[in-house]
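Notes for the one structure printed next.
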């Protein structure tokens, strides 16, 4: 009897996950910025408290989320997000340096990307949704900034956490492309004001 009770009370092992740079990233930037010496600072990023936690959050309905005790982020969710975003941008943009926040004093970015994430969760077998407000700041002119609001939706190909995290990684890849496009546009405008 004691053996049966012990066997039934065994808790599942905790599994750990990380976001990953999108492996399909290819530089698709025009030659307009390819010769530039750019330094990009990515961050800081703000997350709602219900998302920035060790446990992975999935969505059950519009008003209900699930927090998994046994499926967790291997590190800080916000730091992982910035790491992957910076890596994606560095693959897409021929910049000298792309650094995730916080950076050290000697680093002086040409452009700084700030982000406020409103939603970044998903449903198994449904979609991951990333809603984020972000800005591109020209560090030479601190009054010059472009503000964007982006909503990205990526399908979750299965009913498990591997599929959910893979879709979240793809969503960061899509956001990376949008940011690089804006950096290219702003850089061209600075060089050719007319």
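The values are calculated or read from the model by the stated rules, or taken from the named source; none is laboratory data. Remember, predicted model here, so these are calculated numbers, not experimental data. Neighbour counts are summed over all protein chains in view; Cβ atoms, including those assigned to glycine, are modelled from backbone coordinates with ideal geometry.
Would it be correct to say that residue 68 is part of a strand (DSSP E or B), at pLDDT 95 or above and buried (at least 18 other Cβ atoms within 10 Å of the Cβ)?
Numbers: part of a strand (DSSP E or B): yes; at pLDDT 95 or above: yes; buried (at least 18 other Cβ atoms within 10 Å of the Cβ): no.
In short, no.
Of the residues in segment 42-55, how many are touching a helix residue (DSSP H, G or I) at 6+ places or on another chain (Cβ under 6 Å) and over 18 Å from residue 178 (Cβ atoms)? I'd like the intermediate steps shown before the answer.
Of the residues in segment 42-55, the ones touching a helix residue (DSSP H, G or I) at 6+ places or on another chain (Cβ under 6 Å) are 42-43, 45, 47, 52.
Remaining after also requiring over 18 Å from residue 178 (Cβ atoms): 47, 52.
Selection size over segment 42-55: 2.
Would you point out the residue of segment 135-172, among those that are surrounded by 13 or more Cβ atoms within 10 Å (Cβ to Cβ) and within 20 Å of residue 96 (Cα to Cα), that is modelled with the highest pLDDT?
This residue is 136.
Out of the residues in segment 108-129 meeting the condition of being touching a helix residue (DSSP H, G or I) at 6+ places or on another chain (Cβ under 9 Å) and in a loop (DSSP other than H, G, I, E, B), tell me which one is surrounded by the most Cβ atoms within 10 Å (Cβ to Cβ).
Here the answer is 110.
Just to be sure before I move on: is residue 151 in a strand (DSSP E or B), closer than 21 Å to residue 185 by Cα and within 18 Å of the chain's Cα centre (by Cα) in the structure I sent? Can you show your working first?
Numbers: in a strand (DSSP E or B): yes; closer than 21 Å to residue 185 by Cα: yes; within 18 Å of the chain's Cα centre (by Cα): yes.
It is true that residue 151 is in a strand (DSSP E or B), closer than 21 Å to residue 185 by Cα and within 18 Å of the chain's Cα centre (by Cα).
Mind listing whichever residues of segment 140-172 are in contact (Cβ under 8 Å) with a residue 60 or more places away in the chain and within 27 Å of residue 107 (Cβ to Cβ)?
Within segment 140-172, 169, 172 qualify.
Would you confirm, using the coordinates I've provided, whether residue 21 is at pLDDT 90 or above and out of contact with any strand residue (DSSP E or B) (no Cβ under 9 Å at 6 or more places or on another chain)? Break it down into steps so the answer makes sense when it comes.
On the way: at pLDDT 90 or above: yes; out of contact with any strand residue (DSSP E or B) (no Cβ under 9 Å at 6 or more places or on another chain): yes.
Yes, satisfied.
If you scan segment 83-107, which residues turn out to be touching a helix residue (DSSP H, G or I) at 6+ places or on another chain (Cβ under 9 Å) and either exposed (fewer than 15 other Cβ atoms within 10 Å of the Cβ) or assigned to a loop (DSSP other than H, G, I, E, B) (or both)?
Of everything in segment 83-107, those that are touching a helix residue (DSSP H, G or I) at 6+ places or on another chain (Cβ under 9 Å) and either exposed (fewer than 15 other Cβ atoms within 10 Å of the Cβ) or assigned to a loop (DSSP other than H, G, I, E, B) (or both) turn out to be 93, 95, 101.
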